[in-house]
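Notes follow once the structure below has been shown.
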Amino acid sequence: MQVVATAGHVDHGKSTLVRVLTGIEPDRWAEERRRGMTIDLGFAWTRLPDGSDLAFVDVPGHERFVPNMLAGVGPVPAVVFVVAADDGWRPQSAEHLAVIDALGVRRGLLVVTRSDLRDPRQATLEAAEHLSHSTLAGAESVAVSAVNGSGMDELRAALGRLARSLPDADPDARMRLWVDRVFTIKGAGTVVTGTLGDGQLGVGDELEVATTGRGVRVRGLQSHGRQGTEVKGVARVAVNLRGAGPEDIRRGDALVRPGEWLVTDVADVRLVGRSETSGAAHLMMHMGSAAEPVRLRRFPDGTGEALGSGRIRLARALPLSIGDRGLVRDPSRHDLVIGVEVLDPLPPALSRRGAAAERAGLLAQAGTPTAADEVRRRGVVSRSVLRRLGVDHSSLRPLTGDWYVDEELQGRLGQDLAAYVKAYRARHPLEPGVPLSEVRVGLGLPDAALVRALVRHPLVVDAGRIVHATAPTDLPPDVAEGLDAVRRGLAEDPFRAPEADALRSLGLGPRELAVAQRVGLLLRVADGIVLLPDAADRAMERLTTLAQPFTVSDARQALDTTRRVALPLLELLDRQGRTRRLPDGTRRLAGAST
Ligand SMILES: Nc1nc2c(ncn2[C@@H]2O[C@H](COP(=O)(O)OP(=O)(O)OP(=O)(O)O)[C@@H](O)[C@H]2O)c(=O)[nH]1
Ligand SMILES: [Mg+2]
């Protein structure tokens, strides 16, 4: 199924065309039929001779109902542009074309109706000339009469070609249903309708009214007159909702799945078109089926011709995505219609002087931002944000987990990390490395996993901290010097542990000695008593020379040390099971015979 909207001046035969093509009455209201005029949107569908299914959103042509027309055309990718042969190009022909042009609609058909009343050639030429200056340039044209049926077969064939030329929707993409009608059915409750593009809907789905966040559930689905449990786009759908009364949802709201969209009242947009914005007081933005009061701040730019870019602030938040097309218009002026293309639905605050100009420069790049552009622009961005921005990240590789980081920024962050670790260690020389969480905050990163991923040799992550792979050589210089002195002394006299005074004068207190032990420079035998790490082994070598059992004093002499050192060293060996203390206070080596 594909969906097209009608467009054109009042009374030019839009609804008649839809009625004849589909056999369905698009003017549903008694008042519409009484006045012979479309007031609100009408919906109909048919199968064309080539087998294509096509639905129509029929819009009113009267100037008073332009907002309704906009709600109909907004979510639809193609139009049937209608001009009456006997009436020619008229003001709402121009206004509707300006809307279509601003929305960037490129697919369509020019249908010249009422050809039984006047030769359609002049109206066709005139209309084609107008269309040639719009996004509908080069559209096929067909002249028809609903009264005598001439041209109707050609029209059906042309509609078939149009339908087949339209892109299929992606059922796996995010769903967003712009609501264009809300009504209640006795016994069923609230029903909303809309044109479903990408994504799909199923009975039982938990959805959200985007603007209000109200949770709703799909109770029933109907598409093109048929009940179903699942609908894929493109389709016209009617959704029976649980969890919302008719007052909780209205035209212009959108149904989405929770968490999939950025629902925002501020966005940066590219401005498309020729209208001037100056002097416009009360602007409305039209996006999908929504119409919201909007403030537009144009960014300064030096490009002259083009309208450039700007920031919109909406009265109500909408689910917006990069590449969304909408328009801004002044309802009191028919000449002010500006297309907007959403470039950033999650824009940064502009507080600094010159920030707006800088922003304009950034947004001036041609085309619609891609995932790579977003990563470059944002530096660090999660997969879920990329998805909610509406860019395809499938060709990008995350730095870690769900995080994407700009490559240039990765280099800079790596340097910042090294500098941060160095500075931190200078401030806290005795801590065993820098906690990841500390570095995360220091670098302003959103997740410690990113810090972990940025750590490069010679830094390594150990037990949640960043340490040097070569930690022993990387102690604070004065501590390292003190330790060197102690180690030199112990290399000469392995069991002459330095006295407390000596250690203090070298700047080595209990914390420094603990660090030295942790990095394997010293062995702490007891509080304030340090030896080289292999002291226990070397002590054993000497103790084996003694007659068994031996006294503390024997050991002290063999080790050439004091009782202050000998006793705790023996106790250490006891604990290690290498010596055994006998009831009389003497010792013998474990396993040694008497
Ligand atoms: N003679 C003739 N009359 C036509 C033809 N098509 C439509 N009409 C008449 O033109 C008038 C307007 O037709 P609609 O289909 O209501 O026009 P519309 O474009 O839907 O008008 P709005 O929705 O109000 O903008 C009606 O009286 C139709 O009967 C045609 O091919 N030939
Ligand atoms: Mg009509």
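Numbers at a glance
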item: Residues that are surrounded by 14 or more Cβ atoms within 10 Å (Cβ to Cβ) and in a helix (DSSP H, G or I), drawn from the stretch 565-586; result: 565, 566, 567, 568, 569, 570, 571, 572, 573, 574
item: Of the criteria (1) more than 10 Å from ligand 2 (Cβ to nearest atom); (2) modelled with pLDDT of 95 or more, which one residue 16 fails; result: (1)
item: Enumeration of residues in the stretch 128-140 that are part of a helix (DSSP H, G or I) and either closer than 15 Å to residue 158 by Cβ or acidic (Asp, Glu) (or both); result: 128, 129, 131
item: Restricting the stretch 239-264 to residues that are farther than 20 Å from residue 319 by Cα and not in a loop (DSSP other than H, G, I, E, B), the residue that is modelled with the lowest pLDDT; result: 242
item: Some residue of the stretch 88-105 being acidic (Asp, Glu), part of a helix (DSSP H, G or I) and away from ligand 2 (no atom under 16 Å from the Cβ); result: yes
item: Candidate set: the stretch 481-491, residues that are surrounded by fewer than 17 Cβ atoms within 10 Å (Cβ to Cβ) and either free of Cβ contacts under 8 Å to residues at least 12 places away in the same chain or under 53 Å from the mean Cα position of the chain (by Cα) (or both); chosen: the one nearest to residue 507 (Cα to Cα); result: 481
item: Test: residue in the stretch 281-296 that is at pLDDT below 90, surrounded by fewer than 15 Cβ atoms within 10 Å (Cβ to Cβ) and over 12 Å from residue 341 (Cβ atoms); result: yes
item: Given (1) among the charged types (D, E, K, R); (2) in a helix (DSSP H, G or I); (3) surrounded by fewer than 16 Cβ atoms within 10 Å (Cβ to Cβ), index of the condition residue 431 fails; result: (2)
item: Residue, most open to solvent (accessible area, probe 1.4 Å), within the stretch 434-462, restricted to residues that are touching a residue at least 24 places away in the same chain (Cβ under 8 Å) and assigned to a loop (DSSP other than H, G, I, E, B); result: 456
item: Condition broken by residue 195, with the remaining ones in (1) part of a loop (DSSP other than H, G, I, E, B); (2) of a type outside the set (A, V, I, L, M); (3) open to solvent by less than 20 Å² (accessible area, probe 1.4 Å) satisfied; result: (1)
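The values are calculated or read from the model by the stated rules, or taken from the named source; none is laboratory data. Fair warning: this is a prediction, and the values are worked out from it, not measured in the lab. When we count neighbours, we look across all protein chains shown, and the Cβ atoms used for this are built from the backbone with ideal geometry, even at glycine. These accessible areas exclude ligands, DNA and RNA; they are computed on the full protein's heavy atoms, side chains included. Shrake-Rupley method; radii C 1.70, N 1.55, O 1.52, S 1.80 Å.
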